Each structure stands twice: as structure tokens, then as C-alpha cells.
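The values are calculated or read from the model by the stated rules, or taken from the named source; none is laboratory data. Just so you know, these numbers come straight off a predicted model, no measurement behind them. Methodologically, a virtual Cβ is constructed for each residue, glycine included, from the backbone with ideal geometry; neighbour enumeration extends over all protein chains shown. In case anyone asks, the SASA skips ligands and DNA or RNA and just uses the protein heavy atoms, side chains included. Shrake-Rupley method; radii C 1.70, N 1.55, O 1.52, S 1.80 Å.
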Amino acid sequence: MKIQHADFVISNSDYKKCPKDKLPEYAFIGRSNVGKSSLINSIVNKRNLAKTSSTPGKTQLINHYIINNSFYIVDLPGIGYAKTSKKIREKFKKMVENYLIKRLSLECLFMLIDCRHSPQTIDQKFMQWLAENQIPFVIVFTKADKLNENQLKKNISSYKQEMLKEWIELPKIFVTSSKNKRDIEEIKKFIQKIQKSPSE
Ligand code: GDP
């Protein structure tokens, strides 16, 4: 898929204020610093579409970007990851959960995990919640270039083993790097495939 246009549309804190044109959308979530902005920028091949985590405010909103006038990429704030008070964390959690449950045009959620990390309870609980609520999602390991091929294989395999203690079947997995562009084309192909076969 060739990305011809990628533009910022709107940021907001309420799924009801998201664009109303019903184009399919693909959302990205992960704890801060996981490499979410870099991944989105790599996918759309634009240096600065998604802002990096240092931009105040943006990381706590639902950010819509329109791609080729045919679908949205949505940059979501991380659930429960913000270093703020419990009350504010709860507010973000509700905002994101509402979006994920009620946004009918959401085709797939990309759950980003740093490939160097072992399974964290908060991520595991969130993925359980996604499954319970039938929200389609895939796992995207990020920063694959930070490990050598052996370490990478070992980490991902032990991550899968850990997950298989709870899961019967694992979601689709991408192993990416925004630095050397590993699996970026695969993510684009995956989106293109969904675009061509919209859900009933
Ligand atoms: P966000 O907070 O999840 O949006 O993360 P960013 O995209 O801002 O990335 C956080 C830091 O990780 C930045 O210093 C990036 O340069 C770095 N980073 C992001 N992706 C990669 C990657 O694939 N490889 C490497 N080596 N560094 C990365």
C-alpha cells in the first residue's frame, strides 16, 4: 500500500466527538515510550505525523489521522500507564474503554509491547479485557533492532509461552522496528487486507 496522504484530523477525549464519516479505523495503544509515535510515523512514512511522547496533552487524547482519504489511524493514550493520580488514570481508562467498545468503525487495535519486556500484569489484564469484549487486536513488538536475533527470538518465544498459560490461541504478532523498518510493510499489508474485506 502506498501512503499518498496522511493528515492530522482531530484530538478529543470523547469517542462521541470522533469523526462521523464511518471510515474504517486502526488504533494503536501501548505504554509511554514503547515507540508508538515512531511506529505510526514509519507506517505513514512521515517524520512527524504522530507527535512524540514529550508533547504535552496529546498523549492523553484520542488522536485521529486520515490516511489516503480511506481510513483512520488512531493514536490512543495508554491505559493505566500514566504517572498521574488514581482518579485521573481511571478517567483515561474509561475514555479509552468507551472508545474501544463503542467505536463501531474500529477494525483492529494494535497493542504495542517493547520486545525487551516480559509480560506485565497490566498488559495481560488489558488483553484479557479486549478478548472478553470481543475487540479485535494484534500484538506488535517494538524496537526489535535493540536485540540481536537470538535474544529477540528467545524473548518473544518466552513471552508467547507465558501468555499461553492463560490463552488457548494467541493473537497475530508483528515484530517491528521503526529504526530498520522491520515488519512495517507487513503491518501495511495487514491493514490493506482488512480494507479489502470489510467485516459484515
Ligand atoms: P511513544 O511514547 O510510545 O510515542 O514512543 P516514541 O515513538 O516517542 O519513542 C520513544 C523512544 O524510543 C524515542 O527515543 C525513539 O527514538 C525510540 N524508539 C522508538 N522506536 C524505536 C525503534 O524501533 N528502535 C529504536 N532503537 N528506538 C526506537
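Summary of values
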{"quantity": "Residue tally, condition open to solvent by 20 Å² or more (accessible area, probe 1.4 Å) and of a type in the set (Ser, Thr, Tyr), over region 38-52", "calculated": "2"}
{"quantity": "Qualifying residue in region 156-171 (condition: under 19 Å from Tyr26 (Cα atoms), of a type outside the set (Ser, Thr, Tyr) and in contact with a strand residue (DSSP E or B) (Cβ under 8 Å, 6 or more places away or on another chain))", "calculated": "yes"}
{"quantity": "Wholly within region 60-132, strands (runs of 3 or more DSSP E) carrying at least 1 residues that are within 26 Å of Ile168 (Cα to Cα)", "calculated": "106-114"}
{"quantity": "Gln128 vs. criteria over 22 Å from Ala27 (Cα atoms), surrounded by fewer than 18 Cβ atoms within 10 Å (Cβ to Cβ) and either under 13 Å from the mean Cα position of the chain (by Cα) or of a type outside the set (Asp, Glu) (or both)", "calculated": "no"}
{"quantity": "Conditions (1) of a type in the set (S, T, N, Q); (2) modelled with pLDDT of 90 or more; (3) open to solvent by 70 Å² or more (accessible area, probe 1.4 Å); (4) over 24 Å from Lys189 (Cβ atoms); number of the one not met by Asn69", "calculated": "(4)"}
{"quantity": "Positions within region 100-112 being buried (at least 21 other Cβ atoms within 10 Å of the Cβ) and either at pLDDT below 95 or in contact with a helix residue (DSSP H, G or I) (Cβ under 6 Å, 6 or more places away or on another chain) (or both), in sequence order", "calculated": "Leu112"}
{"quantity": "Meets criteria (polar (S, T, N, Q) and closer than 14 Å to Tyr26 by Cα) for Ser105", "calculated": "yes"}
{"quantity": "Failed item in (1) closer than 23 Å to Ile101 by Cα; (2) assigned to a helix (DSSP H, G or I); (3) polar (S, T, N, Q), with Asn150 passing the rest", "calculated": "(1)"}
{"quantity": "Neighbours by Cβ (under 8 Å, 6+ apart or cross-chain): first from region 24-37, open to solvent by less than 10 Å² (accessible area, probe 1.4 Å); second near the ligand (Cβ under 6 Å from one of its atoms) and of a type in the set (S, T, N, Q)", "calculated": "Gly30/Thr142; Val34/Thr142"}
{"quantity": "Criterion violated by Thr142 - all others in (1) in contact with a Gly (Cβ under 7 Å, 6 or more places away or on another chain); (2) open to solvent by 40 Å² or more (accessible area, probe 1.4 Å) satisfied", "calculated": "(2)"}
{"quantity": "In region 160-191, the residues that are open to solvent by 60 Å² or more (accessible area, probe 1.4 Å) and closer than 24 Å to Gly35 by Cβ", "calculated": "Lys160, Gln161, Glu162, Lys172, Lys179, Asn180, Lys181, Arg182, Glu185, Glu186, Lys189"}
{"quantity": "Residue count for region 82-99, restricted to those that are within 16 Å of the ligand (Cβ to nearest atom) and open to solvent by less than 60 Å² (accessible area, probe 1.4 Å)", "calculated": "4"}
{"quantity": "Residue in region 146-157 that is under 28 Å from Gln60 (Cβ atoms) and surrounded by 18 or more Cβ atoms within 10 Å (Cβ to Cβ) present", "calculated": "no"}
